[in-house]
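Down below is the structure, laid out as structure tokens.
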Amino acid sequence: TEITMSLVSGDTYETGTSIPAQSAGTTVYYKIEATNDLPGTSISDVESYALPYTLTIAEIQGVSSVSPYNGYDAITSGVVTALYASYFTIQDGTGARSGMWARGLAAPAVGDTVTIRGTITETDGVNTGNTFLVGADVVSATSAAVMPTATLITTAALSSEDYEGVLVVVDDAECTNTTLGDGEWEINDGSGVGVVDDLGYASSPTLGSVYEITGPLAYRE
């Protein structure tokens, strides 16, 4: 397919013509040919881009430990539930497989409903085990969304991939170890141990004290 571009000014050309419809996930290859009035012709190297999938968070998460769309570009939507420097979490419902982590230069506000685009991966080069949307760009954002209710889980479930990126709450959790290092500490509500991190809040827990803790879950392998 050839698409003609029109001169805007100087050396800038553009076109508003759409390429023929393609399926999500398709990689489009193209090159640009320029001809001057000598006449002389120059042809660029072959470039490419992938058309993103439009997916729910549950579709991105899939039903196993690895996303069925790992390595693909995707667009998804949800409510921003937490923001940590270059990381944030979004949810499009409540409960298992309704949340995920994202990393990008954009800094949406907590409570925004956002549509984001990026690449799905199981590691962002720093963290491994969580399903990430990396290179996340905010396509659209609307403020004053209704925040999802935190899902009540046991401390043992803090090691479950089902709740990665999900806003969760644990109750009646006793601090059983304060010396894990790196700002982490251990809790147990009787179901099994879980770990609390200082990514969003630096705490000074007391051994033997009982806590209620709310935050997005980061899966630990």
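The values are calculated or read from the model by the stated rules, or taken from the named source; none is laboratory data. Please read these numbers as outputs of a predicted model, since none were measured by experiment. Cβ atoms come from the backbone with ideal geometry, glycine included; neighbour counts cover every protein chain shown. Remember, those area values only see protein heavy atoms, side chains included, never the ligands or the DNA or RNA. Shrake-Rupley method; radii C 1.70, N 1.55, O 1.52, S 1.80 Å.
Tabulated results
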read-out: Test: ASP172 is touching a residue at least 40 places away in the same chain (Cβ under 8 Å), of a type in the set (Asp, Glu) and out of contact with any Lys or Arg (no Cβ under 8 Å at 6 or more places or on another chain); value: yes
read-out: Criterion: out of contact with any Pro (no Cβ under 8 Å at 6 or more places or on another chain) and not in a loop (DSSP other than H, G, I, E, B) - qualifying residue of VAL110, VAL139; value: VAL139
read-out: Single residue of segment 1-22 satisfying the filter (within 30 Å of ILE60 (Cβ to Cβ) and touching a strand residue (DSSP E or B) at 6+ places or on another chain (Cβ under 8 Å)) that is least open to solvent (accessible area, probe 1.4 Å); value: ILE19
read-out: Elements of type strands (runs of 3 or more DSSP E) contained in segment 23-99, each with 1 or more residues being open to solvent by less than 70 Å² (accessible area, probe 1.4 Å), in contact (Cβ under 8 Å) with a residue 24 or more places away in the chain and touching an Asp or Glu at 6+ places or on another chain (Cβ under 7 Å); value: 47-50, 73-84
read-out: Entirely in segment 182-221, the strands (runs of 3 or more DSSP E) that have 2 or more residues that are within 28 Å of GLY111 (Cβ to Cβ) and open to solvent by 40 Å² or more (accessible area, probe 1.4 Å); value: 210-216
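Residues checked against (1) open to solvent by less than 30 Å² (accessible area, probe 1.4 Å); (2) at pLDDT 95 or above; (3) under 15 Å from the mean Cα position of the chain (by Cα):
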residue: GLU122; (1), (2), (3): yes, no, yes
residue: GLY125; (1), (2), (3): no, no, yes
residue: THR128; (1), (2), (3): no, no, yes
residue: GLY135; (1), (2), (3): no, no, yes
residue: MET147; (1), (2), (3): no, no, no
residue: ALA156; (1), (2), (3): no, yes, no
